[in-house]
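See below for the structure under consideration.
Where a number appears in this text, it was derived from the coordinates with a stated rule and is not lab data. Note that the coordinates shown come from a computational prediction; the quantities given were computed from them, not determined experimentally. Please note: Cβ atoms are built from the backbone with ideal geometry, for glycine as well, and neighbour counts cover all protein chains shown.
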Amino acid sequence: MSEPVNLRILDREYLVACPAEERDSLLSAAQLVDSRLRDVRNAHRSATLDRWAVLVALNLANELGQLRNQLRQRDHELERALHGLTQRLDGLLAQAPARSQSTLPLREG
């Protein structure tokens, strides 16, 4: 169920409905947006609020895109490594003499 959350960004109040379990994430996002807007405002004093918002949105979208690309690359590397390990394990299992379940030592543990 959504609950109202009061956010303060660039000294303006915003009331946003949000599921209770996402409240902390929303507050954290609002702090990030506020911080980025303040940074852009300080660097571009003559720009309008709309321009600041667009610059911040573009910067955040760019960072998100870079993180997604990094995750895709990491996933690809993990898949390749797991495939290599699976092939090695299959090769080792194929070389091992066939054993029945009854000849395997029992471990207590």
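Couple of notes before you dig in:
- Phi to ³J(HN,Hα) by Karplus 6.51 cos²θ - 1.76 cosθ + 1.60 over the range 17-27, Hz, x for Gly, Pro: 7, 7, x, 4, 6, 9, 4, 4, 5, 5, 4
- Judged by the mean number of other Cβ atoms found within 10 Å, the most tightly packed of the peptides 25-35, 43-53 leads the ranking 25-35, 43-53.
- In the range 2-91, taking the dipole from charged Cβ atoms about the Cα centre, the farthest positive-side position among 55, 18, 70 is held by 55.
- Where only DSSP H runs of four or more residues are counted, the chain gives -23000 deg cm²/dmol as its mean residue ellipticity at 222 nm, each run worth -39500 (n - 2.57).
- Cβ-Cβ FRET estimate between residue 89 and residue 64, R0 fixed at 35 Å, reported to 0.05: 0.45
- Computed from backbone phi, the HN-Hα couplings of the range 6-15 come to 8, 10, 10, 10, 6, 6, 10, 9, 10, 9 Hz, rounded to whole numbers (Karplus: 6.51 cos²θ - 1.76 cosθ + 1.60, θ = phi - 60°; Gly and Pro given as x).
- Overall form of the range 2-91 per C-alpha gyration tensor (a/c, 1.5; a/b vs b/c): oblate
- In this structure the amide hydrogen of residue 7, modeled in the peptide plane, comes within under 5 Å of the amide hydrogens of 14, 15, 16, none closer than 5 places in sequence on its chain.
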